[in-house]
Structures are given as C-alpha cells and as structure tokens.
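Please read the structure below before turning to the comments.
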Amino acid sequence: MKASQFLISTLKDAPADAEVASHKLMMRAGMVKKLGVGIFTYMPMGLRVIRKVEAIVREEMNRAGSIELTMPVVQPAEFWQETGRFEKMGPELLRIKDRHDRDYVIQPTSEEVVTDIARQEFRSYKQLPKNLYQIQTKFRDERRPRFGLMRGREFIMKDAYSFDRDADTAKASYQVMASAYRRIFDRFGLRYRAVAADSGAIGGDLSEEFQVIAATGEDAIVYCPTSTYAANMEKAEALAPQAVRGVAKQDMTPTATPGKSTCADVAELLSVPLSTTVKSLVLATDQLSDKGEIVKTQVWLLLLRGDHDMNEVKVAKLPGLDAFRFATVPEIEAHFGCKPGYLGPIGLKQPVKIIADRDVAAMANWICGANQPDVHLTGVNWGRDLSEPTLVADLRNIVEGDASPDGQGVLAIERGIEIGHIFYLGNKYSKAMNATFLDSNGKPQFFEMGCYGIGVTRLPAAAIEQNHDERGIIWPDAIAPFTVVICPIGADRSADVKCASDKLYADLLALGVDVLLDDRGERPGAMFADWELIGVPHRITVGDKGLKDGQVEYQHRRDTAASKMPVTEVASFVHAKLQAAAQA
C-alpha cells in the first residue's frame, strides 16, 4: 500500500470528550470517528487493525474445531421471551417493533438464536459435540457509554457456543476454548491474565475472564503473586479471619458523635482505627403479585467493617437476595427509627434480617450506629449486647493483603480491561427453549452448553492502553495497521531516494511483509509524527545522505534512536525480526 492511495487523517488534538489514552489516540490517529453517543465509524486505518484481530481469532477458532456462521443482528423477540430474557435483561437490551407491531431485539448476544439452531439441526448424540461461532455486530444500550471503543454501544464481538451431550464433555469443550483463548491472546502480544469470574446475566457456574493489564482498566483483578490464583473482584473470596474472636473488654456505651454520619468521620472523632467500626447497609426485597404489584417487603441489615466495601454480586447470590434493592428512607425510618448515618443492629423499631460479614462476626468491642441522630454505640459485643448473627457470609470486596483462598500467600490487586469471557452454561438455555437431542438410550436430553466471547473492537483500545507513550500508539506487530512504514526523505527531488524506496517496498512485499510506502512528499518531521502517532512498529528511513554510503536508517517504535544499516540488508533484517517475534 502507498500512502497517497490510502486515507490518512491524523489530528493534532483529541476531541474534548475523549477521556482515556485509547480514545484520544484512536481519534487523533484517524482510526475511528464518532457518529453518535457510543457509536463509531471504523475508518480505514482502524479497520485494518480490527481485520487483523478478526483474522487471528478466526484462525484459532477454526483450529479449535469451531464452525463459523452469521446470525441476524435483528432477532424476533419470541426467542428471548422463551428464556425470559426479553423481560429480565433490562434497558441494555434494545427492543424495537416492525411495521406490523411485532417485537424484535437488536442482538447484544445470541444464546437464544443459536439454541434454536441446535434444536433444529442437532437431533442425535452422534452429531455432538459441536461449536458454532460468529464475528458479528452487537448493540448494548449502555447507560453511560464512555472511553471510546472501551465501552461503546455498538461493537463487534466474536461469540461462540458449544453443544454437548453431558456435563463432562461440556467441560472438556470449555477447556478446548480456554486453550484457544490463550493462544489468541498470546498471538496479540499483550500482557493479560485469565481470572476466575462471576457469570453475571449470561448464567452458568464456571467462568473465566481474560483481562489485559492496564492502569486505566475498569476492572479490579485479584491475584496471588506467589501462586496461580487469580479472580475478578466479584468472584474473589474473602476468607474468614483465622484469629478467635476477642473477649468483651468494654461496656456498651452511647457516645455523642455530632454530625459524624460516616464510619471514617466517627473513627477520626474517636481516634480509633476505621477497622473497629461497623457500617450498616439496609436492603429490601419485594414479593410481587401475579400482576407485578408489591404484596410484601422484607428489609435486611448487612453489617460490614467500616473499612470494607459491599460486593453486590456476592450479596445477590445469598438466599432471598437475588433481586435486592437498597431500602428507601421511609422504609429505613420505619424499621430503625432514624435516618441513614446513625444506623445499627441494636434497638430496632421493627425486626429485620441481619447478615454479618465474616470479619464483623469475628469482631469484639466494635462501634456502630445507635439508631439515634448524632449518637454511636462503642464497646459492642456479640452474645452480650445482641444475639449472634443468624447468617454469616462473605459480603465484601477483597483488599490488598487479604489471605489468598488457595492458602499460598496474600492477595494483590491490579487493574484490567476485559477482552474475553468464557462460560460453562449447563442446560440453562436448552431447558428454557426445550432444545433436546436423542441420547444413546433413545431418550431426549437437554444440550449442555458453553458460550465464549471476545470483544473484537474493544481489543485494539485495550492494546493501546497498554502500549502508548507521549508521541502516540505503539502497536504489537500482530495487530498493527501496517507492520512497516518506509519514509523517503525528498523523493520528489532525488531519483536515488525514490528508486531505493520503491525497490525496498517491492522487496518487503515479496517477503510477505505488510508494508506501507509514504509517498505523500511530507516534510520529515510531519511524516515521522504521523507514523509515531499511528503507531506503526517498524520504520525505515531512506535519504540521499545515507544512500551515498549505501545505508538507510531503521527504528522500532520503542527505540529512542535510529540505527544505520546497509540498504541491501534491511529488508531481510526486518523480515527476520518479524518472524522471530511471531514465533516467540
């Protein structure tokens, strides 16, 4: 490709609404253009990156035995109604009607449609296992689209779905995909972690996320530096303290805390560690009638240490709390006789269900609200001042230094960007859609399923977050829009420069190198700035002065200076360098 034949549209400054490095640099490098909130046009430079990502994904999926198909972006709602997700998925699912007033959805994922395919096509156990995948546009009506392609509303995803006859073979299919994902992300040349994850709205009981390590990542990754343990924050277990609960050494005493409505403020006022305080979080669950009307509300009190945060995913998995909400102020006042800020488990107006976090259950002589404005109780102890908690559970997020669940050390936390997620689903969807096959005993069985996603358009943004500097993007070879750029200096004035550049271009093409020749006639400073911004990893500069000595300059995007080398050797040098990197 020659630059004069391509569309290069770099910008000096990023748009004002671009917040993170990937959003700024993709806009400045002319890779994407914003069309609407969370909706982008993939410009030619950015599309080349996306196509390279797709090619690697496609090669490894095919290698793993998956079969490609394409399912519709617009899907009849009836399939989603079979599984109940048409009503349950919430506003992220974009619902539309056609001219006949029939309901449709814009696909955010395709479990329902692929399950319908399976129940029509896979009639016998002899046809299993099967794995179907697509690389297709998705739409999720994000409440707060941001960070460019990192959290857009329209995006491209590779989604795959496995169908097996029983749980053992389904888990074997899951492991095949897990291995394929590792090969895919290894080929991208990115630093990533595979972490145990919660399955969320997709469902299932076995799940892993693949996270690119980046300081700007939205997700917290919990891992043990001295073992192989890794999980996302929603999944990581906070173990119960090993120490035996201490004895009561203080009397329970109402203590004035005027205007101090947070645990942090109370701890500062009383000059005690924040870890000696207990926060009260009030939740509610509603029992609904067949008409969707509330017939009964149950109020719950969750107790966490003052320096810990509630993990909503863990809480939602507790019996009776799968559809919890935070209680309203009138509900709180009715049960506690006090507004939020001074709440506690002692002296309630109406009974509530109390759940204590594991750390709180092990505490002695702690501090909590007194259910009176501007008052807290100090010296509170289980057994003496209030009954032992009826339920003790892991309610909190991990913090640095917590014990690793595998017993091999303590936990650390780093930030990550989710680029892939794999799930073992079981028969959640096949059962809901009555998708069966005839097993060897002649009886119908529900398919055991798995699903496997990769964020194709999110991945380039994640790569940039991990690979950039003050000058621009630094692409890994495998997904760079062009792997090599040739920069002739003064080719319009020097026949030697033009001839050498054209020959070098032809030689690299003959070697199968993805090379671009910048024949725009730009000044060296502007030309170099463009390619540093765009992030082409390998640059060869051809100039009259060097050619007189039979030399050109080579510079990798990460190098601080260029190196001189013979013009007759540079093509083979770059080719060998690329091959070595690909095999690493």
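The values are calculated or read from the model by the stated rules, or taken from the named source; none is laboratory data. All figures in this text were calculated on a predicted structure; none of them were measured in a lab. For neighbour counting, all protein chains shown are included, and Cβ atoms are generated from backbone atoms with ideal geometry for every residue, glycine included.
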Inside region 566-584, can you point out the residues that are touching a helix residue (DSSP H, G or I) at 6+ places or on another chain (Cβ under 8 Å) and closer than 30 Å to Ile56 by Cβ?
-> Val570, Ala571, Val574, His575, Leu578, Ala581, Ala582
Could you name every one of the strands (runs of 3 or more DSSP E) located completely within region 240-319 that has at least 1 residues being surrounded by 17 or more Cβ atoms within 10 Å (Cβ to Cβ), free of Cβ contacts under 8 Å to residues at least 60 places away in the same chain and not hydrophobic (A, V, I, L, M, F, W, C)?
-> 278-288
Quick check: anything in region 34-43 of a type in the set (Ser, Thr, Tyr), surrounded by fewer than 17 Cβ atoms within 10 Å (Cβ to Cβ) and either assigned to a loop (DSSP other than H, G, I, E, B) or assigned by TED's automatic domain parsing to the domain that holds Ser501 (or both)?
-> no
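Is it the case that some residue within region 548-559 is of a type in the set (S, T, N, Q), crowded, with 17+ Cβ neighbours inside 10 Å and farther than 22 Å from Lys2 by Cβ?
Step one: list which residues in region 548-559 are of a type in the set (S, T, N, Q), which gives 551, 555.
Those still in the list that are crowded, with 17+ Cβ neighbours inside 10 Å too: 551, 555.
Next cut, farther than 22 Å from Lys2 by Cβ only: 551.
Checked region 548-559: at least one residue is of a type in the set (S, T, N, Q), crowded, with 17+ Cβ neighbours inside 10 Å and farther than 22 Å from Lys2 by Cβ.
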Mind checking which pairs have a first residue in region 84-97 that is in contact (Cβ under 8 Å) with a residue 40 or more places away in the chain and a second that is in a loop (DSSP other than H, G, I, E, B) and buried (at least 17 other Cβ atoms within 10 Å of the Cβ), Cβ under 7 Å, 6 or more apart or different chains?
-> Glu92/Pro108; Glu92/Arg140; Leu93/Pro108
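Please determine, by comparing only the residues of region 173-200 that are assigned to a loop (DSSP other than H, G, I, E, B) and touching a helix residue (DSSP H, G or I) at 6+ places or on another chain (Cβ under 8 Å), which one is nearest to Val53 (Cα to Cα).
Filtering region 173-200 down to residues assigned to a loop (DSSP other than H, G, I, E, B) leaves 188-191, 197-199.
Retained after the next criterion (residues that are touching a helix residue (DSSP H, G or I) at 6+ places or on another chain (Cβ under 8 Å)): 188-191, 198.
Numbers: Phe188: 8, Gly189: 12, Leu190: 12, Arg191: 16, Asp198: 26 Å.
Ranking the qualifying residues of region 173-200, first place goes to Phe188.
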Odd one out for Gln350 among (1) outside any loop (DSSP other than H, G, I, E, B); (2) in contact (Cβ under 8 Å) with a residue 40 or more places away in the chain; (3) surrounded by fewer than 16 Cβ atoms within 10 Å (Cβ to Cβ) | (1)
Kindly list, by first and then second residue, each pair from a residue in region 165-194 that is closer than 19 Å to Asn427 by Cβ to a residue that is assigned to a helix (DSSP H, G or I) and polar (S, T, N, Q), limited to pairs with Cβ atoms under 7 Å and residues at least 6 apart or on different chains.
-> none
Find the residue count for region 404-422, including only residues that are part of a strand (DSSP E or B) and surrounded by fewer than 18 Cβ atoms within 10 Å (Cβ to Cβ).
-> 5
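Identify all residues within region 529-542 that are hydrophobic (A, V, I, L, M, F, W, C), over 30 Å from the mean Cα position of the chain (by Cα) and surrounded by 20 or more Cβ atoms within 10 Å (Cβ to Cβ); write none if there are none. Outline the logic, then answer.
Taking region 529-542 and keeping what is hydrophobic (A, V, I, L, M, F, W, C), we get 529, 531, 533-534, 536, 540, 542.
The next check asks that each one be over 30 Å from the mean Cα position of the chain (by Cα); those that pass are 529, 540, 542.
Result: Ile540, Val542.
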Hey, among the residues in region 77-97 that are surrounded by fewer than 17 Cβ atoms within 10 Å (Cβ to Cβ) and of a type in the set (Lys, Arg), which one's nearest to Tyr429 (Cα to Cα)?
-> Lys88
Gly401 versus (1) under 30 Å from Arg187 (Cα atoms); (2) part of a loop (DSSP other than H, G, I, E, B); (3) among the small types (Gly, Ala, Ser): which is the lone unmet condition?
-> (1)
Check on Gly217, in contact with a Pro (Cβ under 6 Å, 6 or more places away or on another chain) and in a loop (DSSP other than H, G, I, E, B) | no
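Suppose we filter region 98-137 for residues that are without any contact (Cβ under 8 Å) to a residue 60 or more places away in the chain and either crowded, with 17+ Cβ neighbours inside 10 Å or not in a strand (DSSP E or B) (or both); how many remain?
Within region 98-137, the first condition is being without any contact (Cβ under 8 Å) to a residue 60 or more places away in the chain, and the residues that meet it are 98-108, 110, 113-114, 117, 120-121, 126, 129.
Filter once more, so that each one left must be either crowded, with 17+ Cβ neighbours inside 10 Å or not in a strand (DSSP E or B) (or both): 98-102, 104-108, 110, 113-114, 117, 120-121, 126, 129.
Residues flagged as without any contact (Cβ under 8 Å) to a residue 60 or more places away in the chain and either crowded, with 17+ Cβ neighbours inside 10 Å or not in a strand (DSSP E or B) (or both) within region 98-137 amount to 18.
Given the criteria within 30 Å of Asp116 (Cβ to Cβ), in contact (Cβ under 8 Å) with a residue 12 or more places away in the chain, among the small types (Gly, Ala, Ser) and touching a strand residue (DSSP E or B) at 6+ places or on another chain (Cβ under 9 Å), does Gly420 qualify?
Working: within 30 Å of Asp116 (Cβ to Cβ): yes; in contact (Cβ under 8 Å) with a residue 12 or more places away in the chain: yes; among the small types (Gly, Ala, Ser): yes; touching a strand residue (DSSP E or B) at 6+ places or on another chain (Cβ under 9 Å): yes.
Yes: the conditions hold for Gly420.
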